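Contents: one structure, followed by commentary.
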Amino acid sequence: MLWPMLAIALAFCGIAVLGVLAARVFVEVRRLARQVATSSQRITRAAEDLERAATPLAAQTAHTLRQDG
């Protein structure tokens, strides 16, 4: 009777360890998702800033090319 009880206890401990590890993974995935969202917003903001900065330069270049040509 000792061996089946020991096997059940070890199985329970194994499942408990897996549960704790799953909770840690869940927390880390949520943290990573927040970081990815923040980075995505920063990249979008930087792309918009670059587009705003490039528009006058492109217009000026086009004007210069038309004058030279």
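Each value in this text was obtained by applying a stated rule to the coordinates, not by laboratory testing. Since the structure is predicted, the reported quantities are computational estimates derived from the model, not experimental observations. Note: ideal-geometry Cβ built from the backbone for every residue, glycine included; neighbour counts use all protein chains shown.
Taking 30 Å as R0, compute the FRET efficiency from the Cβ-Cβ separation of E48 and A23 and round it to 0.05.
Here the calculated transfer efficiency is 0.20.
Let me spell out the model: positive unit charges on the Cβ of Lys and Arg, negative unit charges on the Cβ of Asp and Glu, origin at the Cα centre of the range 16-69. What dipole size does that give, in debye rounded to 20?
360
If one computes the Cα centroid of the range 16-30 and of the range 46-64, what distance in Å separates the two points?
The distance from the Cα centre of the range 16-30 to that of the range 46-64 comes to 47 Å.
Between V17, A59, V36, whose Cα lies farthest towards the positive end of the dipole of the chain when Lys and Arg beta carbons carry +1 and Asp and Glu beta carbons carry -1, centred on the Cα centre?
Positive-end residue among those listed: V17.
With θ set to phi - 60° and the Karplus curve 6.51 cos²θ - 1.76 cosθ + 1.60, what are the ³J(HN,Hα) couplings of the range 8-22 in order, to the nearest whole Hz, using x for Gly and Pro?
Each residue's phi maps through the Karplus curve to give 5, 5, 5, 5, 4, 4, x, 5, 5, 5, 4, x, 5, 5, 5 Hz.
Hey, of (1) 3, 16, 22, 17, 12, 10, 8, 5, 4, 2, 1; (2) 3, 13, 8, 9, 8, 7, 8, 6, 6, 5, 5, 4, 4, 3, 3, 2, 2, 1, 1, 0; (3) 4, 18, 31, 28, 14, 5, 1, 0, which did the structure itself give for P(r) over Cα pairs in 5 Å bins from 0, in percent when calculated?
(2)
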